[in-house]
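The values are calculated or read from the model by the stated rules, or taken from the named source; none is laboratory data. All values reported here derive from a predicted model rather than from experimental measurement. FYI the Cβ positions are ideal-geometry reconstructions off the backbone, even for glycines, and counts take in every protein chain you see.
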Amino acid sequence: MPRTHHKTATAAQSDDTGDPLGPVLKTYRPQLGSAVFAIAITVALGGGLLGYAISIGKATLVSLLVGGFGLVLCLVGGYLLFVNLANLGRRLDLHKRGIRFSQFGFRKQMRWKEIVNIDVERREVEAFGIMRSVTTSDDEYSPEAATSNTSWEIAIESARGQTIVLGEIFMRIVPDPPQLIANLRKGAKLTKEMQQHAGY
């Protein structure tokens, strides 16, 4: 019996890792290595096409199409660079016993049992010429597939009145927002029906 108790205590200590939230299960942060590589290729290709179009010397259908496509690639590369630079100081860690969000030297953390509400806002932007249509929904599992025009914002509230906001810029680096939301609700043992019943 004493030997069994000793093994259990050792396992508990190794699981704790010295962090009150326990070991990290999943981390969301900018992947600078792969991002820089993708941005460099995109900008280089776009710049090459744009340079080729300019070198033609006259406006033809081919030069306009090639130049336009090159310009789009340069803009995409610039946007990717902006998103990654804007998120350099941001990081979300999902732990065994809670979550921690770091932002430019400041940290907020919550235990799973403290979370009482997870508010999701999904926005779809459609362009019709110079007109734009914005549709807002709280349903992350909308039948419409998420596109590059889909943006997300998540607000996580604790019983102590603390709030962690994962804004649109940060959510751009999350590869699968619905899966993140599902993991958050699973960890906090919350469902949308429970939140609505509680008045959230």
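Only one of Leu71, Leu92 is in a helix (DSSP H, G or I), touching a helix residue (DSSP H, G or I) at 6+ places or on another chain (Cβ under 9 Å) and touching a residue at least 12 places away in the same chain (Cβ under 8 Å); which?
Criteria check complete, one pass: Leu71.
Filtering the stretch 75-86 down to residues that are surrounded by fewer than 18 Cβ atoms within 10 Å (Cβ to Cβ) and in contact with a Gly (Cβ under 9 Å, 6 or more places away or on another chain), which residue is nearest to Ala53 (Cα to Cα)?
Leu75
Looking at (1) at pLDDT 75 or above; (2) loosely packed, with under 15 Cβ neighbours inside 10 Å, find the lone condition where Gly46 falls short.
Single failed check for Gly46: (2).
Taking the condition modelled with pLDDT of 90 or more, touching a Phe, Trp or Tyr at 6+ places or on another chain (Cβ under 6 Å), over 20 Å from Ala86 (Cβ atoms) and of a type in the set (Gly, Ala, Ser), does Gly161 pass?
For Gly161, the condition - modelled with pLDDT of 90 or more, touching a Phe, Trp or Tyr at 6+ places or on another chain (Cβ under 6 Å), over 20 Å from Ala86 (Cβ atoms) and of a type in the set (Gly, Ala, Ser) - is not met.
So is Glu121 at pLDDT below 95 and not β-branched (Val, Ile, Thr) or not?
For Glu121, the condition - at pLDDT below 95 and not β-branched (Val, Ile, Thr) - is met.
Against the conditions (1) part of a helix (DSSP H, G or I); (2) surrounded by 14 or more Cβ atoms within 10 Å (Cβ to Cβ), where does Ile99 fall short? Just the number, please.
Here Ile99 meets the rest and fails (1).
Evaluate the stretch 30-39: report whether one residue or more is of a type in the set (Val, Ile, Thr), closer than 21 Å to Asp176 by Cα and not assigned by TED's automatic domain parsing to the domain that holds Arg160.
Scanning the stretch 30-39 turns up at least one residue that is of a type in the set (Val, Ile, Thr), closer than 21 Å to Asp176 by Cα and not assigned by TED's automatic domain parsing to the domain that holds Arg160.
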